[in-house]
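Reading through the structure tokens given below for one structure.
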Amino acid sequence: MPLKGYGIWKGTPTKWDGTAKPGHGHITFSDTTPTRLDAAVNIESKSSDSRLVYWVIRDLQPVSATFTHSLQALPRGFHPQKGTLETGSLGLDFLRLNLFRPQDGILLSHNTPGTSHNILDYLNPILNQAVVQKADIYLFGEPYNDKTGIHDIHMNQGNSRQWKKDNGIFQDGGIILAFPDGHWEGIFLAFAVQTYKTDEQGMPVGDTFAKLLGGGKQPGEGDEEEPEPIVGDGIKIEAALVNPHGPDQQPTRGDGETVYLLNRSVTTVDLEGWRIENGSGQSHVLKGVSLAVQSKKGVAVPGVALGNKGGVISLKDNGGKLVHQVKYSRDQAQREGALVYFLQK
């Protein structure tokens, strides 16, 4: 049966701790009450495949201006939601609202050594920024029994086994942030073992996200049953830091200009001799770089100017063949210290 107390909690984040408890990070937030409130954010699954699927929308208003306007009108506090979009609910549904494409998700672990594809590498910068800037936060999920916080901030359909009881439509969890400069961002999480299609009761249909994203088989399956992945489209430019804090090549804090590459294929790829180029033909040759399946890597690009007035970034293999090319606008480049995302908008 669907979640009983699903809704939206509007407040202000005051702290983010990605390692507060095993399996969860925690957002401390406030509303109009004196109570110190808590939001539990999954950073791993309790299933045999512990990975999460991650989507981010770095500019939510153009995707759904009506939706963000309705959220903005809500007073601070918790607001129950029931029904569908047609009945006036503001509940999230990853598969029916078309906020993002399921196949654009990224499979992420929580405890992989280094900074290649950990969920906290993605969550920490956005949530820490939200705390510093005192953004409005909209938390979608189910309140704790004592009403001191909220959990189930993830997709709540397409579950199997003991979690089937929570399935339903228009009751997915999520985190939406409204920043003081007027832009909105959305963070959405699912479990790798959930399915990317569901019926009208939210029950699982077909394959899991793990299969969709080319990241492995479902629990209990043998290698001989492993299908070809639906998405396995090679090395991509996932994001870029084109406008660091301070001068581009001598930042006052944080990284300089950096291009983030993501391996969406089903094998490890050696990038020795590959090149990252800008629109003017300046290039940086990769040395000693390889990417495991579903992993990412940030590559500093000294000598390759990523202009703050918009530009083009190209990735070429060691034979000079164009592998992926992205473009960004002046507006996208204006946020100092923020990544411009290309695979997820």
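The values are calculated or read from the model by the stated rules, or taken from the named source; none is laboratory data. Keep in mind that this is a model prediction, so the values were computed, not measured. Note that we place each Cβ from the backbone using ideal geometry, even for glycine, and neighbour counts take in every protein chain shown. The accessibility values were calculated without ligands, DNA or RNA, using every heavy atom of the protein model including side chains. Shrake-Rupley method; radii C 1.70, N 1.55, O 1.52, S 1.80 Å.
Give the number of residues within segment 124-149 that are part of a loop (DSSP other than H, G, I, E, B), open to solvent by 10 Å² or more (accessible area, probe 1.4 Å) and either polar (S, T, N, Q) or closer than 14 Å to T14 by Cβ (or both). Show your work before the answer.
Step one: list which residues in segment 124-149 are part of a loop (DSSP other than H, G, I, E, B), which gives 133-135, 144-148.
Now drop any that are not open to solvent by 10 Å² or more (accessible area, probe 1.4 Å), which leaves 133-134, 144-148.
Narrowing the set further to residues that are either polar (S, T, N, Q) or closer than 14 Å to T14 by Cβ (or both) leaves 133-134, 145, 148.
Total meeting the criteria: 4.
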**Prompt:** In segment 185-201, how many are open to solvent by 10 Å² or more (accessible area, probe 1.4 Å) and either more than 14 Å from L92 (Cβ to Cβ) or assigned to a loop (DSSP other than H, G, I, E, B) (or both)?
**Reply:** 7
**Asked** Would you call K4 in a loop (DSSP other than H, G, I, E, B), of a type in the set (K, R) and open to solvent by 50 Å² or more (accessible area, probe 1.4 Å)?
**Response** yes
**Message:** Here are the criteria: (1) surrounded by 18 or more Cβ atoms within 10 Å (Cβ to Cβ); (2) of a type outside the set (D, E); (3) within 29 Å of G182 (Cβ to Cβ); (4) in contact with an Asp or Glu (Cβ under 9 Å, 6 or more places away or on another chain). Tell me which single one H24 does not satisfy.
**Reply:** (3)
**Asked** Could you give every pair whose Cβ atoms fall below 8 Å, whose first residue belongs to segment 319-345 and is without any contact (Cβ under 8 Å) to a residue 40 or more places away in the chain, and whose second residue is open to solvent by 80 Å² or more (accessible area, probe 1.4 Å), counting only separations of at least 6 or pairs across chains?
**Response** R330/K309
**Residues that are assigned to a loop (DSSP other than H, G, I, E, B) and free of Cβ contacts under 8 Å to residues at least 60 places away in the same chain, drawn from segment 37-76** = K46, S64, A73
**Request:** Select from segment 239-264 the residues that are modelled with pLDDT of 70 or more, of a type in the set (D, E, K, R) and farther than 23 Å from D317 by Cα and list them in ascending order.
**Result:** D255
**Message:** Between a residue in segment 91-113 that is open to solvent by less than 20 Å² (accessible area, probe 1.4 Å) and part of a loop (DSSP other than H, G, I, E, B) and any residue that is at pLDDT 90 or above and basic (K, R), which pairs come within a Cβ distance under 8 Å, given they are 6 or more apart or on different chains?
**Reply:** G91/K82
**Request:** Go through (1) of a type in the set (A, V, I, L, M, F, W, C); (2) touching a Leu at 6+ places or on another chain (Cβ under 6 Å); (3) in contact (Cβ under 8 Å) with a residue 40 or more places away in the chain one by one and return the number of the condition V269 breaks.
**Result:** (3)
**Message:** Name the single residue that is most open to solvent (accessible area, probe 1.4 Å) among those in segment 27-57 being modelled with pLDDT under 90 and acidic (D, E).
**Reply:** E44
**Request:** Test each condition in (1) over 20 Å from the mean Cα position of the chain (by Cα); (2) of a type in the set (A, V, I, L, M, F, W, C); (3) surrounded by fewer than 17 Cβ atoms within 10 Å (Cβ to Cβ) for F78 and report the one that comes out false.
**Result:** (3)
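Taking segment 255-269, which residues are not in a strand (DSSP E or B) and not charged (D, E, K, R)? First the steps, then the outcome.
As a first pass, look at segment 255-269 and keep what is not in a strand (DSSP E or B): 255-257, 264-268.
Passing the criteria: G256, S265, V266, T267, T268.
Does I169 count as assigned to a strand (DSSP E or B) and either under 25 Å from T87 (Cα atoms) or not small (G, A, S) (or both)? Don't jump to the end; show me each part of the working.
On the way: assigned to a strand (DSSP E or B): no; either under 25 Å from T87 (Cα atoms) or not small (G, A, S) (or both): yes.
So I169 fails the test.
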